[in-house]
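Structure first, then comments.
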Amino acid sequence: MSDFELIEKYLSGELSAEEKKEFRSRLLNDPAFNQEFQELKEIRLQVRQNARKDIKILFDEIETSIESEETTKDQTVMKKVISIAASIILIAAISYVGLSDFSSATNQELFDKHFKAYNSLSGQVRGAMDNELSLEDRAFGAYDAGDYVASEEFLSELALKSPSAMNYFYLGVSQLETGKTEEAVKSLNTVINNFSAFQEQAKWYLALTLLKEDNEEATLGSLANMIVNDSEYEEKARELLQEMGYSLNEVDLDSGPVSGVNNRPKDDSPSPDGSMENTIGMRKYQWGIVTSMTNDKTYRFFTDQPISDLNDGDMTVFVIVEKVRNRGRGRGVDGSAFIIDKY
């Protein structure tokens, strides 16, 4: 397969997850291949922009034609028909090129729509007195019964005594159910940063928690992570991203240097570690600015899965989280980005 065919397959979303990983690795390590990719991507961008212009011209011409007609009974009826047809064409065309405007909804409303407590894997424990049950049985029995106040209390104790992905994950969901969003963020981050199990579930519930906190920048980073990395929650993440007024084309890669890189905890601080009591629940995240070499625009990035040893001036590959409708305040930059890797 030629490089041209490979790039076309990537841009068309026809590569498997493993092929995408190999493609991105080559993009980072082969400057000539990267250059060819950027040129082909720019051609596709120009086609998209031209399509937008053509749609606007078409709509203007239809409107002008309608307005120039004499007002008679028959022509008035025809005008309405044409107007409806033109609107349908416009909506379909705008959706195709990524200009759709979505109905406005608050972050809390979106959270209420998408949040549902995760099913317990343990099953309810029956036929025993409460004082005869183990701490784990009491914790998950309360969770199964929907008593999240009790499950949060029991799971907090259980996670301290027996740090595990399962215990921290269900603790995070329980905390989210009881409105303890700050604690839920820490518990879910403990899963993401320290364990291999419950990774995808923790990322999805973390995104919902950040959304509930009105931390839109961090929510975008979490959703972009799931989409780019082919998460089992990719479809849900993409739907929520669109409802927030954003779009992301994971095959439309860009590259450029970063600046103002910040890490929490700082390099000289302990990182989250479920086996160490003094760092249990500590959140690990990263943010800064990345500048596109394609259009010189600047984008903010935020992630709960920091790029290791990322420093100011490092070259990165990233995707743009594009705002398709005006929602929220600007931050002096051109939008948001999700960094995939650094050179």
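Assorted remarks:
- Across K116/K342; K21/K297; K113/K323; K9/K284, pairs whose alpha-carbon gap is larger than 32 Å: K116/K342; K9/K284
- Across the range 140-230, the relative contact order, built from alpha-carbon pairs under 8 Å that are at least six residues apart, equals 20 percent.
- Using R0 = 25 Å, the C-beta based FRET efficiency linking M1 and Q35 works out to 0.85.
- Tensor-based shape of the range 157-225 (alpha-carbon gyration tensor, a/c under 1.5 rounded, otherwise prolate or oblate): oblate
- Along each principal axis, Cα extent of the range 1-41, largest first, Å: 23, 18, 17
- Rounded, prolate or oblate (a/c below 1.5 giving rounded, otherwise prolate when a/b exceeds b/c) for the range 130-249 by Cα gyration tensor: prolate
Every read-out reported here was derived from the displayed coordinates using simple, explicitly stated rules and does not represent laboratory data. None of these values were measured; they are calculated from a predicted model. Neighbour counts are summed over all protein chains in view; Cβ atoms, including those assigned to glycine, are modelled from backbone coordinates with ideal geometry.
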